[in-house]
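A quick write-up on the structure given underneath.
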Amino acid sequence: MAEVIGIVASAAALIQLVCYGKKSARALYQFSHRAGISKPDVERCANHLRTFSLAVSLAVETLDEYGANTSTSSVFDFIASKQVLRAISIDSDSLVMRLTSVLKRFRGLAKSSRTPVAFVKWWLHKDDVITLFPEMEMIKTNLTLIIATIQLRLVYKKIETESSDSLAVKKLEKKK
């Protein structure tokens, strides 16, 4: 039960990360439409933020669904004992703070109507967005590994159950 509470708390941090990722992507899209110059570059960064948010959201939903359908899980026990989701949550909190900064900056830039000024500001501040990408990939990779491990464990349990069922059937057939 304690591992489920820890997972719920970590999921809350990840949900906050998803929200800020979406908001930051939206701010970049708005900036891109107003700036006009280097639009593909800005939109590529916005797309990266958007897909990151969608991927993390899907991972959180998957973990929630698995947790709701499973009363005991060796995977959740391991994750809880090693504080894996807590570490991901700490990384998420750090990323949320930086995304908040990016969000504020680009919302302000989106209000600038002069294209040359917006172009210069983009080149000055684009590293603030780009430097987030490795951290975002690390969080996605960690969540992907957790979900892949859960899936592997579920397949292994199914194979175990099916093989024990087939052994029981064979024993019954031999007795006849």
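Of all residues in segment 128-152, how many are buried (at least 17 other Cβ atoms within 10 Å of the Cβ) and part of a helix (DSSP H, G or I)? Step through it out loud before you land on a result.
Step one: list which residues in segment 128-152 are buried (at least 17 other Cβ atoms within 10 Å of the Cβ), which gives 129, 132, 136, 139, 143, 146, 150.
Going one step further and asking which of them are part of a helix (DSSP H, G or I), we end up with 129, 136, 139, 143, 146, 150.
Final tally of qualifying residues: 6.
Taking segment 90-125, which residues are of a type in the set (Ser, Thr, Tyr) and closer than 15 Å to ARG34 by Cα? First the steps, then the outcome.
If we filter segment 90-125 for residues that are of a type in the set (Ser, Thr, Tyr), which is where we start, we get 92, 94, 100-101, 112-113, 115.
Of everything in segment 90-125, those that are of a type in the set (Ser, Thr, Tyr) and closer than 15 Å to ARG34 by Cα turn out to be SER112, SER113, THR115.
Condition check: at pLDDT below 80, in a helix (DSSP H, G or I) and over 30 Å from VAL155 (Cα atoms). Does ALA118 satisfy that? Walk me through it before giving the result.
Values: at pLDDT below 80: yes; in a helix (DSSP H, G or I): yes; over 30 Å from VAL155 (Cα atoms): yes.
The answer is yes for ALA118.
Considering only residues that are of a type in the set (S, T, N, Q) and in contact (Cβ under 8 Å) with a residue 60 or more places away in the chain, look in segment 87-103 and name the one that is surrounded by the most Cβ atoms within 10 Å (Cβ to Cβ). Even if it seems obvious, please write down each step before you answer.
Initial filter on segment 87-103 (of a type in the set (S, T, N, Q)): 89, 92, 94, 100-101.
Those still in the list that are in contact (Cβ under 8 Å) with a residue 60 or more places away in the chain too: 89, 92, 100.
Numbers: SER89: 22, SER92: 25, THR100: 13.
Looking at residues that are of a type in the set (S, T, N, Q) and in contact (Cβ under 8 Å) with a residue 60 or more places away in the chain, I get SER92.
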Q: Taking only segment 44-58 into account, find how many residues are touching a residue at least 60 places away in the same chain (Cβ under 8 Å) and of a type in the set (A, V, I, L, M, F, W, C).
A: 5
Q.
Go through segment 49-87 and report how many residues are under 17 Å from GLN151 (Cα atoms), within 18 Å of the chain's Cα centre (by Cα) and not hydrophobic (A, V, I, L, M, F, W, C).
A. 6
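Out of the residues in segment 42-86 meeting the condition of being charged (D, E, K, R) and surrounded by fewer than 17 Cβ atoms within 10 Å (Cβ to Cβ), tell me which one is modelled with the highest pLDDT.
Looking only at segment 42-86, we keep the residues that are charged (D, E, K, R), and these are 43-44, 50, 61, 64-65, 77, 82, 86.
From the residues that got through so far, the ones that are surrounded by fewer than 17 Cβ atoms within 10 Å (Cβ to Cβ) too are 44, 61, 64-65, 77, 82, 86.
On the way: ARG44: 90, GLU61: 87, ASP64: 82, GLU65: 84, ASP77: 82, LYS82: 86, ARG86: 83.
Here the residue is ARG44.
The values are calculated or read from the model by the stated rules, or taken from the named source; none is laboratory data. All figures in this text were calculated on a predicted structure; none of them were measured in a lab. Using ideal geometry, Cβ is built from the backbone for each residue, glycine included, and neighbour counts are taken over all protein chains shown.
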